[in-house]
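Read through the structure below, which is laid out as structure tokens, and then see the notes.
The values are calculated or read from the model by the stated rules, or taken from the named source; none is laboratory data. Treat the numbers as computed from the prediction; the structure is a model and nothing was measured. Methodologically, a virtual Cβ is constructed for each residue, glycine included, from the backbone with ideal geometry; neighbour enumeration extends over all protein chains shown.
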Amino acid sequence: MTDGIGHMRDDASDPDKGRTYTVAVRALCEFTAKQGDLDLRFTPSPSALEGMAGHTTVTSRRAKHYESEVSLSGDYKQLHVRGRADGYDPKRNRVEEIKTFRGDLEKMPDNHRHLHWAQVRIYGWLLCQSRGLAEIEIALVYYDIGTQKETVLVETCTASMLQQYFEEHCEDFIAWAEQEIQHRTVRDAALTSLTFPYADFRQGQRQLAEAVYKSAVAGRCLMAQASTGIGKTIGTIFPLLKASATQKIDKLFFLTAKTSGRALALDAIHLIRQHQPASPLRVLELVARDKSCEHPDKACHGQSCPLAKGFYDRVGQARQAAVRAVMLDQASLRTIALTHQVCPYYLSQELARWSDVVIGDYNYYFDGSAMLYALTTDNQWRISLLIDEAHNLLERARKMYSAELDQQQFRSLRQTAPKSLKGPLDRLHRQWQSLHAEQTNDYQVHAGISSKFLLSLQQVGADIADFIAENPESMHADLQQFYFDALHFTRLAECFGDHSLFDITKTNAQGGRKNGRLCLRNVIPAPFLQKRFTSSHACTLFSATLSPWHFYADTLGMPDNTVWIEVEAPFETRQLSVHIAHTISTRYQDREHSLSAIVDLIARQYSTQAGNYLAFFSSFDYLNKVCTLFVERYPDIPVWQQSRRMAEDERKAFLDRFTPDGKGIGFAVLGGAFAEGIDLPGNRLIGAFIATLGLPQVNEINEQMRYRMQESFGDGYDYMYLYPGLQKVVQAAGRVIRTQQDQGVIHLMDDRFGREKVLDLLPRWWGMGKSEAKEYCQKKMKASHVALIDSHGDLDGYARMPITPH
Ligand code: SF4
């Protein structure tokens, strides 16, 4: 471990010694020496690369005998402290801690300086101890990235002074470390004896739970397709908790695409805890800053926000209260934060370090600067991941690893930017113009990004950072935004490859000029996500629509030894009547002609069995056309329709129309708010009509993505259009049968639904598929060594999950 907050280990050589707690110097100091205000004012600190380059510059200026990156460690009671000092000069007997910065050093907050001194003093003691020194010079070296000058602050300390300092800090931490050791022991014992909260598993649930448990024991990733109604959330959380003690899993991250997924996970854990009320399992819900901020009109620093003022002076008590509370959903965390007058959002970030289960959005683990991933690697945590509704991860990850720069915004920034930035912005402007000067089409994919453009962009980023660092009081929202956009773009440009496209879209600007919008468009997030999966001990992706598995495995970058399971659905074919309208074509050129047939089909079904239906279309325009004609022709049948950007209360009103004795047709769009994640059991919904195969629109961008998919996987059309489209269809149709008592009907309105390849992508229990595509999948599985879990959840002979149902 290099920089972690701490972990436990058993001392096998000395049973009396029991468990020790290892903590990194930086983490120890952050725990014991952080004080004062939270201050997140925008200070353009050096990037990681600039920081590393700065360290190298400083150490290269030192004499030959200078020792860099000196590994040190020391013990105090059951605490093992370790870390790496930046440098030691044995001739001067000076240990150095190097910090890179931008702007005015005088303006660095006192609490930052205080923390830096704490670190170097502890390194000072560890050096004195390891080399038998009676005294040592300790130095903070501040290296200015802009001017490349060093400011060195030095003090001389005796070994005994430093020892006392070290021991005081250890003492401050040790009670916490003891509590953590104790917590882990009790937690693991509780998890080992955990009982399933129901008398029995639902159909398919045991199979899923077994598969999750065994993949955790085997330390492999699992992709699980399991339909609605089997209790996936509890069926995945329970086995992973059960495996945590034996597999020495530090944390479980339950990652979701939507808020509703977080609520389901919290409900499942509440249920598990009801049967083990004394369980110390600490559960944390992470909520976005804009949803948890108490003072949205203020800025995150002590001079503006009362909950940032003195944050570090009070966070210790808040942390203690929070870990005692154990269940930390948004409401209870807020109560604790406000009781201790600290910001709830930043308190939740602190508690991510100390919680056993963290429930939050995908981005906390998967995006480029994800907090949970950084903590995992820094602390060498052994984690397990549950990815809820994992079919969403592809689109979400594409967004995380794409970047755009808009020339129109850049032009207006040039008008208002401070004079001192005019030169660099003009240079960037010239490079930007030359990027698309030769481009004759409005949209074009380019093979690479000009290095001259990137250099100018980096320079502008550095100049803006220097300007803001030197003028922290001035408000430059546009400048800051461009700085962040440029930084994101530059970072992604540095790892540009076959996984992404670089395209320029030209639009008309004033004076007959053209604006060029630059986009680094991620197509295949696999190279970015792969390390996120391999950094976990075990990982399960689950969804009702994860077929075909190779599409998700390829695009998301699942490790080669990933296991796949299709859990038996709890429903029977007789519950659902599926009809394909072979005479209707919803191809773009046929849409106008098929409107009449579609409305008549909906009305016919309604007259056969009046009740609540959902009708799905691929766009709002299409929806409006069908709905208008339907109302014209069948004015007696009630209809209600989804509209663009519906507010929360409007969405609720739409769903409230689906009462058990209600009647009518709700018109909605495929892939929209009513096409997944909503639950209308029984007579609240008795059928669905689905027009189109949900295929993404054929346009220049999608076609370019298709070519890229073709080059990478040899299946461009299916990967770009067919699989994502069918996934939406199956999700939408999945609204109809929610329980084993439901009965319903689905009308698939397009002749292409009758094709064998399409039928094979529909859920098996619908009873529609043939065999070809399944054979194809099997072949692909063999080719990529993906193991298949059998219907008993068996995997390579791993032991079954020791379960005691309640
Ligand atoms: S309450 Fe809001 S403004 Fe205050 S520190 Fe927290 S997030 Fe920032």
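Overview of results
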{"read-out": "Residue check for T586: touching a Ser or Thr at 6+ places or on another chain (Cβ under 8 Å) and under 30 Å from A370 (Cβ atoms)", "value": "no"}
{"read-out": "Strands (runs of 3 or more DSSP E) fully within the range 548-653 counting 2 or more residues that are within 22 Å of D742 (Cβ to Cβ)", "value": "576-580, 612-617"}
{"read-out": "Any hit, the range 229-238, residues being out of contact with any helix residue (DSSP H, G or I) (no Cβ under 6 Å at 6 or more places or on another chain), modelled with pLDDT under 90 and surrounded by fewer than 23 Cβ atoms within 10 Å (Cβ to Cβ)", "value": "yes"}
{"read-out": "Within the range 272-379, helices (runs of 4 or more DSSP H) holding 1 or more residues that are more than 25 Å from the chain's Cα centre (by Cα), away from the ligand (no atom under 11 Å from the Cβ) and surrounded by 19 or more Cβ atoms within 10 Å (Cβ to Cβ)", "value": "311-325, 330-339"}
{"read-out": "Residue pairs meeting the criteria (Cβ under 8 Å; at least 6 apart or on separate chains; first over 26 Å from S215 (Cα atoms), in the range 381-407; second in a loop (DSSP other than H, G, I, E, B) and of a type outside the set (D, E))", "value": "R398/V523; R398/P525; M400/G368; M400/P525; Y401/G368; Y401/H499; Y401/P525; Q407/A509"}
{"read-out": "Lone unmet requirement of (1) within 30 Å of T573 (Cα to Cα); (2) within 16 Å of the ligand (Cβ to nearest atom); (3) of a type in the set (V, I, T) for I234", "value": "(2)"}
{"read-out": "Filter result for N111 (surrounded by fewer than 20 Cβ atoms within 10 Å (Cβ to Cβ) and farther than 20 Å from S68 by Cα)", "value": "yes"}
{"read-out": "Members of the range 559-611 found to be aromatic (F, W, Y) and modelled with pLDDT of 95 or more, listed by number", "value": "Y606"}
{"read-out": "In the range 123-150, the residues that are buried (at least 22 other Cβ atoms within 10 Å of the Cβ), touching a strand residue (DSSP E or B) at 6+ places or on another chain (Cβ under 6 Å) and not in a strand (DSSP E or B)", "value": "Y123, G124, L126, L127, C128, I145"}
{"read-out": "Meets criteria (part of a strand (DSSP E or B) and of a type in the set (V, I, T)) for I98", "value": "yes"}
{"read-out": "Members of the range 659-698 found to be aromatic (F, W, Y) and over 15 Å from I746 (Cα atoms), listed by number", "value": "F674"}
{"read-out": "Top-ranked residue in the range 83-95 [being in contact with a Leu (Cβ under 8 Å, 6 or more places away or on another chain) and assigned to a strand (DSSP E or B); ranked as surrounded by the most Cβ atoms within 10 Å (Cβ to Cβ)]", "value": "V95"}
{"read-out": "Any hit, the range 718-733, residues being under 25 Å from I602 (Cα atoms), not aromatic (F, W, Y) and not in a helix (DSSP H, G or I)", "value": "no"}
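For every residue, the table says whether it meets (1) surrounded by fewer than 18 Cβ atoms within 10 Å (Cβ to Cβ); (2) closer than 30 Å to D554 by Cβ.
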{"position": "A447", "(1), (2)": "yes, yes"}
{"position": "Q459", "(1), (2)": "yes, no"}
{"position": "N471", "(1), (2)": "yes, no"}
{"position": "F482", "(1), (2)": "no, no"}
{"position": "N508", "(1), (2)": "yes, no"}
{"position": "R513", "(1), (2)": "yes, no"}
{"position": "G516", "(1), (2)": "no, no"}
{"position": "Q530", "(1), (2)": "yes, yes"}
